[in-house]
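What follows is one structure encoded as structure tokens, with my remarks underneath.
The values are calculated or read from the model by the stated rules, or taken from the named source; none is laboratory data. Keep in mind that this is a model prediction, so the values were computed, not measured. Positions of Cβ are backbone-derived with ideal geometry, glycine not excepted, and every protein chain shown enters the neighbour counts.
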Amino acid sequence: MRRNWGVGIYSVLILALLLIPIGYTIVFSFNIPARTNVTWRGFSFDNWINIFADPRVVAAFVTSIGVGLLATLAAAALGTAISIALVRFRFRFRTALTVLLFLPMATPEVVIGSGLGSQFLNLGVDKGLGTIIVAHIMFCISFVVITVRARVSSLDPAIEEAGRDLYASPAQVWWRITFPLLLPGIVAAALLSFALSFDDFIITAFVRGTTETFPTYIYTAAVRAIPAQANVFASVIFLLAIVLVVAQQLSAAARRRQLAREG
Amino acid sequence: MAGASDDSGADLELVGITKQFPGFTAIENLNLTIPAGSFFALLGPSGCGKTTTLRLVAGLESPTSGRILIGGKDVTDTKPHQRPVNTVFQSYALFPHMTVLRNVAFGVSRRGIPDPLGRAHEALRLVELDHLAGRRPAQLSGGQQQRVALARAIVNRPALLLLDEPLGALDLKLRRQMQLELKSIQDEVGLTFLHVTHDQEEAMTMADTVAVMNRGEIEQMGAPEELYELPKTAFVANFLGQSNLFTGPVVSSGENSIIVEIAGTKLEVPKERAQRHSGTVTIGVRPEKLTLLTTRPVAASGVNVLGPGVVTDVSFSGVSTQYLVEMPGVGTVTVFAQNMVFGPVVNRGSEVWVSWTVEHGFGLADDERLEERSEAV
């Protein structure tokens, strides 16, 4: 078979384009520490060893993780309940509700952010951690609903009826049948929510008050000098994500092999 | 509560059940008693209310009015998981995230009965699938899934087993085989089976008692042979097999039979086989009870003759040949003739008479208004 070199070169170029910024971030996390982290001075583990040296980086990172977890949990729970309601029940304003739910995805973040910002101001709500979490839950719900709804639609209602018929109480039907069957969708939605929340800058900027999340901290720090520890945290997150994906792939492959053996 | 029943199952009694959905009435004042240990089939076209009846008994729907009693106990207001009833769903509804074994053990575990896995293995042996206990439902064929669904229900020894078109998704050959298997399993476990189907052949093969349902009401109920040989309404006569129906006035009524005039021909029907004995009545006879004659028969007592007519269609189907005969003033008459000789006995366009023994005729209860109703189906 004749090799098509064009496709190969094209793929390498695209991958390089995608990976260069990430590579840059990781490489510069090993830079010899100084006041700025713009020029390469030489290889060192100092930033990794002194990962907690800059308290502002740590605080911003912890805030972002906390906001991400809380927003994800709340959005996953609410979004799953909304998905079930949208698929299983016929009620007034069902279509209107569906449109409203997807509106945050279609609206520019600047508009949502500035709108929310002035809303909180009008209502006299103090901007801070609370308003950030509420805002993140709001835009994450849309993504949870879109992901979980597809899963709920593919679930035959007769399966839950079979559970009820086989002596399972409503709570047992939920925990033993419905929830495990929806779980892959909920997990996917939760991962997406966490990534969106952790990453969000625009909306957060309008509702954060004086609270710093990781993205807002980096943004303000960039004006002066980004501490190398920021590169370290970014690298950690990236590597963690890679490990998670690989682990998930490996366990799926193991499960397939096991099923093949049993078959 | 989901109490265990004895091995003979329990009576099911439906008293004045009406079920209304927004915009239509699915079931109208249904009264039905199914004795313990019987294999009962609810037969009807789609939309006749048979599946709704089943879901009411399972507790998946609640009736608008009326009571449901299982083994004499009123269960109308209880939830599905509190009823001693199990269902084999049309789509099987196996739990895709559990192994076959866990599927079958599910109900036993929920009721807190000891050794759910042992009982599940036992039920799987009954349906001859114990060797696949470790597989997931998706790895089984349709017929195997069907048997798992059956094992998952009977393992609980329910007072009543509900079967919702359980063979509908199987191909014809497998369906025939499963019909026999289901019947023998019912004999073995001795539970009360309530089987819902639109397949008249399936209902007749398997059930002790068949209830024909139409538009939310039971038209006729009885043993399969009885329903076939003596249908009481035009709907039953046409839904269960085929029938030749003729409508005309009763011109005389003797001690044992009535005479009905159809397009100038007098036809006799035994009184005990006719639902009505005066006015305009519809009488009928099954196509296989008819004899096709190429010469005018000599008039004899105890035999009805119609004709002459013209054969308009001959279709050979292996064991029998179907003839359509156009009778002037009467309509089309269908005749099934067994293929005792090679080839068709008569050809298209032939002039023929049909005759049948008086004892094979039946008279229907429908008045003309009712007949229009069932023809609209």
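The single residue among B:ASP208, B:ASP164 that is more than 19 Å from B:LEU56 (Cβ to Cβ) and either at pLDDT below 90 or not polar (S, T, N, Q) (or both) turns out to be B:ASP208.
Considering each residue of the stretch A:9-42, count those that are over 14 Å from A:SER235 (Cβ atoms) and either in a loop (DSSP other than H, G, I, E, B) or modelled with pLDDT under 90 (or both), and give that number. Let's see the steps before the verdict.
Narrowing the stretch A:9-42 to residues over 14 Å from A:SER235 (Cβ atoms): A:9-18, A:20, A:32-36, A:38-42.
If we keep only those that are either in a loop (DSSP other than H, G, I, E, B) or modelled with pLDDT under 90 (or both) as well, we get A:32-36, A:38-42.
Of the residues in that region, 10 qualify.
Taking (1) within 14 Å of chain B (Cβ to nearest Cβ); (2) touching a Gly at 6+ places or on another chain (Cβ under 9 Å) in turn, A:LEU181 satisfies each apart from (2). If you go through the stretch B:124-153 and keep only what is under 16 Å from B:ALA105 (Cα atoms), among the small types (Gly, Ala, Ser) and in contact (Cβ under 8 Å) with a residue 40 or more places away in the chain, you end up with B:ALA149, B:ALA151, B:ALA153.
For every residue, the table says whether it meets (1) more than 27 Å from B:ALA169 (Cα to Cα); (2) in contact with an Asp or Glu (Cβ under 6 Å, 6 or more places away or on another chain); (3) buried (at least 17 other Cβ atoms within 10 Å of the Cβ).
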site	(1), (2), (3)
B:THR192	no, no, yes
B:MET213	no, no, yes
B:ALA223	no, no, no
B:TYR228	no, no, yes
B:LYS232	yes, no, yes
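For the stretch A:200-213, a residue qualifies if it is farther than 14 Å from A:THR63 by Cβ and not aliphatic (A, V, I, L, M), and exactly one does: A:PHE206.
Would you list the helices (runs of 4 or more DSSP H) that sit entirely within the stretch B:47-131 and hold 1 or more residues that are facing another protein chain (nearest Cβ under 10 Å)? Talk me through it step by step, then tell me what you get.
Details: elements: B:50-58, B:100-110, B:116-126.
Qualifying helices (runs of 4 or more DSSP H): B:50-58, B:100-110.
Listed residues A:THR72, A:THR39; which is surrounded by 15 or more Cβ atoms within 10 Å (Cβ to Cβ) and of a type in the set (Val, Ile, Thr)?
It is A:THR72.
Before we move on, is A:PRO215 at pLDDT below 95, within 14 Å of chain B (Cβ to nearest Cβ) and assigned to a helix (DSSP H, G or I)? Spelling it out, it is not the case that A:PRO215 is at pLDDT below 95, within 14 Å of chain B (Cβ to nearest Cβ) and assigned to a helix (DSSP H, G or I). Residues considered: A:ALA81, A:ALA53. Of these, the only one that is of a type in the set (A, V, I, L, M, F, W, C) and at pLDDT 90 or above is A:ALA81.
Residue check: A:ALA254 meets all listed conditions (1) outside the structural domain of A:ILE65 (by TED's automatic domain parsing); (2) of a type in the set (Gly, Ala, Ser); (3) under 25 Å from A:SER44 (Cβ atoms) but one, namely (3). Among the residues of the stretch B:141-157, those identified as outside any helix (DSSP H, G or I) and either buried (at least 19 other Cβ atoms within 10 Å of the Cβ) or facing chain A (nearest Cβ under 8 Å) (or both) are B:VAL155, B:ASN156, B:ARG157.
Does A:ILE82 qualify as being crowded, with 18+ Cβ neighbours inside 10 Å, within 14 Å of another protein chain (Cβ to nearest Cβ), touching a residue at least 12 places away in the same chain (Cβ under 8 Å) and assigned to a helix (DSSP H, G or I)? So A:ILE82 fails the test. Does the stretch A:19-35 contain any residue that is basic (Lys, Arg), surrounded by 11 or more Cβ atoms within 10 Å (Cβ to Cβ) and on the phi < 0 side of the Ramachandran plot? No, the stretch A:19-35 contains no residue that is basic (Lys, Arg), surrounded by 11 or more Cβ atoms within 10 Å (Cβ to Cβ) and on the phi < 0 side of the Ramachandran plot.
Go over the candidates A:ALA230, A:ALA253, A:ALA222 one by one and state the one that is assigned to a helix (DSSP H, G or I) and in contact (Cβ under 8 Å) with a residue 24 or more places away in the chain.
The unique qualifying residue is A:ALA230.
Out of A:VAL67, A:VAL62, A:VAL58, one residue alone is within 30 Å of A:VAL145 (Cβ to Cβ), out of contact with any helix residue (DSSP H, G or I) (no Cβ under 7 Å at 6 or more places or on another chain) and assigned to a helix (DSSP H, G or I). It is A:VAL62. Here is the figure for the stretch B:274-288: residues that are in contact (Cβ under 8 Å) with a residue 60 or more places away in the chain and buried (at least 18 other Cβ atoms within 10 Å of the Cβ) total 7. The set of residues from the stretch B:294-310 being surrounded by fewer than 19 Cβ atoms within 10 Å (Cβ to Cβ), in contact with a strand residue (DSSP E or B) (Cβ under 8 Å, 6 or more places away or on another chain) and of a type in the set (A, V, I, L, M, F, W, C) comprises B:ALA299, B:VAL303, B:VAL310.
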